[in-house]
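This report concerns only the one structure given below.
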């Protein structure tokens, strides 16, 4: 066997090793993508679980949110209560926006996003939250892209 034959065998072994490395990397990337999507779904659920747990514990904020669900008008709240509701609402919509961008990037299951979107539509049927949403649409707390997406969905 000549040196040229050994060189050819070496090139073949190197090509097979390179192919094996590429297959391994493809498997690892797929596994990593699955892990990221799973983590995103977990985080998406838990960000709202935290809100639900906070409201379920009762207290002043819980009572205020409860009152909005009972169609109390904005004039029924004090300035401080409106401030608390505004901060709570901003946090809620910022969480929702974060999930929108995860969904848009393909990192959040479409069914999870659809559930969030439908809940948001139901929430915006409540007069207080509809007014809040309209006010927020003129601010800078969420992106215009998110607002436009929600407006299209809203119609």
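Scan the range 74-88 and give yes if some residue there is surrounded by 13 or more Cβ atoms within 10 Å (Cβ to Cβ) and outside any helix (DSSP H, G or I), otherwise no. Yes.
Tell me yes or no: at least one residue of the range 50-65 is in contact with a helix residue (DSSP H, G or I) (Cβ under 8 Å, 6 or more places away or on another chain), under 30 Å from residue 124 (Cα atoms) and touching a residue at least 60 places away in the same chain (Cβ under 8 Å). Looking for residues that are in contact with a helix residue (DSSP H, G or I) (Cβ under 8 Å, 6 or more places away or on another chain), under 30 Å from residue 124 (Cα atoms) and touching a residue at least 60 places away in the same chain (Cβ under 8 Å), one finds none in the range 50-65, hence no. Filtered by the rule that a residue be modelled with pLDDT under 90, surrounded by 13 or more Cβ atoms within 10 Å (Cβ to Cβ) and either outside any helix (DSSP H, G or I) or on the phi > 0 side of the Ramachandran plot (or both), the range 122-142 gives 124, 137, 141, 142. Failed condition for residue 37, given (1) modelled with pLDDT of 85 or more; (2) surrounded by 15 or more Cβ atoms within 10 Å (Cβ to Cβ); (3) assigned to a helix (DSSP H, G or I), with all others met? All conditions pass for residue 37, except number (1). Determine if the range 109-121 includes at least one residue that is over 29 Å from residue 36 (Cβ atoms) and either loosely packed, with under 15 Cβ neighbours inside 10 Å or at pLDDT 85 or above (or both). No, that holds for no residue.
Per the conditions (1) surrounded by 10 or more Cβ atoms within 10 Å (Cβ to Cβ); (2) over 29 Å from the mean Cα position of the chain (by Cα), the sole criterion not satisfied by residue 64 is (2). Exactly one residue out of 102, 85, 123 is touching a residue at least 24 places away in the same chain (Cβ under 8 Å), over 13 Å from residue 146 (Cα atoms) and in contact with a helix residue (DSSP H, G or I) (Cβ under 7 Å, 6 or more places away or on another chain), and it is 85.
A quick yes/no check of all residues on (1) modelled with pLDDT under 90; (2) within 22 Å of the chain's Cα centre (by Cα); (3) closer than 24 Å to residue 102 by Cα:
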{"position": "5", "(1), (2), (3)": "yes, no, no"}
{"position": "10", "(1), (2), (3)": "yes, no, no"}
{"position": "22", "(1), (2), (3)": "yes, no, no"}
{"position": "26", "(1), (2), (3)": "yes, no, yes"}
{"position": "41", "(1), (2), (3)": "yes, yes, yes"}
{"position": "79", "(1), (2), (3)": "no, no, no"}
{"position": "90", "(1), (2), (3)": "no, yes, yes"}
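Looking only at the range 105-119, residues that are within 19 Å of residue 51 (Cβ to Cβ) and in contact with a helix residue (DSSP H, G or I) (Cβ under 8 Å, 6 or more places away or on another chain) come to 5 in all.
The values are calculated or read from the model by the stated rules, or taken from the named source; none is laboratory data. Nothing here was measured: the structure is a model prediction, and the numbers come from that model. Don't worry about glycine lacking a Cβ; one is built from the backbone with ideal geometry, like all the others, and counts go over all protein chains shown.
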